[in-house]
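Here the structure comes first, spelled out in C-alpha cells, and everything after it is commentary.
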Amino acid sequence: MNVISTDEDHTSEYQIYSGTSMAAPHVTGAIAILIEAFPTLSAEQIVDRLFATASTSGLTDRDGNSYSSSVFGHGKIDLDAATKPIEVLALSSPSNNLNNSSNNSNNSTFHDINNSKIIFSGAFGNKIPKNNMLTKNVKLAEKFSETVVVFDTFDNAAFFVNLNSFIDVSEYRDINLENLLLLNDISEKRIFLSQNIYVDFVENHNNYNDNIVSDLNDNYFNNLTLNYTNERFKLSYNYSYDKEYYFLFSEKIANNMYKNNAFINPFIAMNGESHSLDYKHKIFDNVSYSLFVEKQIPYEYYTDNFNQKMSYLVSTKIKFTNNKNIFETEYGFLMSQHLLLEQSLQGHLILKIKTNFLGLSYTYKSKTNRILLNYFYADTKVKIDNKSMFSNFNNIKSTSWAIGLEKFLNNNYDEMISFLLYQPLRVESGSFSLYIPKYSDSFGNIFYSESQYELEADKKN
C-alpha cells in the first residue's frame, strides 16, 4: 500500500510509504471506530467484523495476478461495510440475553426485523375519494416513533432503528366505489348443472391491480360458488380470491354501489383468499337458520414472507320474514394468530386473537320504497405470547353500521334511486403496551422500556 505520511528526515514535509508501518495505524483507527460504534463487542468480535467485511475487489500483485490470500491476507479494510449490518438484523424478546440465546436456534427468541410487522388496516383510519382517486388517511402508525435496538445475527452488534419501520399501513377498500371511479368491467355469470345445482362466478375483464395479475388484458376468475338448493335448504361452497369478489349480485357490481360492502358481515372474507361453507335451512315459512364456516388465507401465506397462519370464522344467523319486513340477527367469532381486525402481526408481534361479533339487520320493503338498516359490534380479545413484545392488551371494541334508502322506479325493482350512509368497520377503543428494547450492555443484558398506545381510528374527514 502507498500512503502519504509526514517525513521528519527529509526536507520534504510528506513522503509516500508502504508496509505494515503504514497499515497498522489505519487498522488501529478502524478498530477504534468500531469499538466506539459497538461498545458491547469483544476485541475478538471487532477483529472478526473487520475480517468479514474486508474487500478483495481490484487487488492484484506486482505481476498483475488477481487476489490471493497468501499475498493480501483478508484484503483491504472496508470500514463502511464494517459499520453496517453483516447478516440479518434481529429483534429481541423481553428477558432475552445475548450470551445465552442463539439467533439461529429453533427455540430462538430473536426474529428477523423484516418478519416483525404491524400492518394497520382501514379499521384504524379511513379512505376517501379525491379528484377521482382513492386516497388513504391513517395516522395511527405515526405514533410509533421511538428508537429500538436490534442486533446483527453475525455477532450481536447493536444497531438502532425507528419503531415506525415495523409499521405499515393498509387501507379500507370499497370495491363498488373503486369500480365506479375506475370503470372496471366486472360481471357475474351463472351456469346450471342440474335443476338443483348451479355455479356462480365473477369474471373480471379489465383489472387495474397488476399485483394480482401480470397481464391486465387477460380475463380471470375471482370468485366461484357451487350451490345445491331445494325447497327447505341451501348448501354453498364458496372460493374467493379477494373480499371484493366474495358477494354475487347477478349483475355488474358497479351497478350495486352499496350492497356489496355496507350490508354484510365485515369479517367474512376479510383476509386474502377464502374457502367457506354456508348452510341455510328454512325452519318455518317465515323463519330460517344458517351456519357459516370459513377459512381465510392471507396473501403473505403464499409468498412466505412472514410465514403467516390461517384464520377461521364461524357464524350463525336467524332470519325472520313477513310480507314487508326482514329481521336478521347474527353471532359468531373469528380466530387468528396473525390478524387483528385486518391488522397483520408478525415475528415478535404475534398474538393469539379471538373476535366475537354480533350483527343486527332490518329491511322494510313496499311497492315503491325499501329501507335497509345494519349494525355490527365486535369485541376482540388478545392473548399475549410470552415471547411477544406486547403487554397489557385491553379488548378492542369496533363497530360497523349502514343506513340505506331506495326509491323504486319500476315494478321490477331493478331501477331505483338510492341513498347510503355507511361506516365501515372502525375501531372505537382499545389499548396495548409494548416492551421496546432500548440498549444492551457488555454482559449481553438487554434493557427495555414499556410504552402504551391507544387504539382508535382517525377522525373522518
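Among LEU224, LEU134, which is the only one that is assigned to a strand (DSSP E or B), of a type in the set (A, V, I, L, M) and modelled with pLDDT of 55 or more?
After applying the criteria, what remains is LEU224.
For residues in segment 137-166 being among the small types (Gly, Ala, Ser) and part of a loop (DSSP other than H, G, I, E, B), which is modelled with the highest pLDDT? It would help to see each step written out before you state the result.
As a first pass, look at segment 137-166 and keep what is among the small types (Gly, Ala, Ser): 141, 145, 157-158, 165.
If we keep only those that are part of a loop (DSSP other than H, G, I, E, B) as well, we get 145, 157.
Numbers: SER145: 78, ALA157: 91.
The residue in question is ALA157.
How about segment 371-461: which strands (runs of 3 or more DSSP E) wholly inside it have at least 1 residues that are without any contact (Cβ under 8 Å) to a residue 12 or more places away in the chain?
Here the list reads 416-429, 446-454.
Need the failing condition index for ASN65 against (1) buried (at least 16 other Cβ atoms within 10 Å of the Cβ); (2) of a type in the set (S, T, N, Q); (3) modelled with pLDDT under 85, just the number.
Checking ASN65 against (1) buried (at least 16 other Cβ atoms within 10 Å of the Cβ); (2) of a type in the set (S, T, N, Q); (3) modelled with pLDDT under 85, the one that fails is (1).
Could you list, in sequence order, the residues of segment 322-351 that are surrounded by 15 or more Cβ atoms within 10 Å (Cβ to Cβ), at pLDDT 65 or above and farther than 19 Å from LYS397 by Cβ?
ILE326, PHE327, GLU328, GLN337
The values are calculated or read from the model by the stated rules, or taken from the named source; none is laboratory data. Since this is a predicted model, take the numbers as computed values, not measurements. Neighbour counts are summed over all protein chains in view; Cβ atoms, including those assigned to glycine, are modelled from backbone coordinates with ideal geometry.
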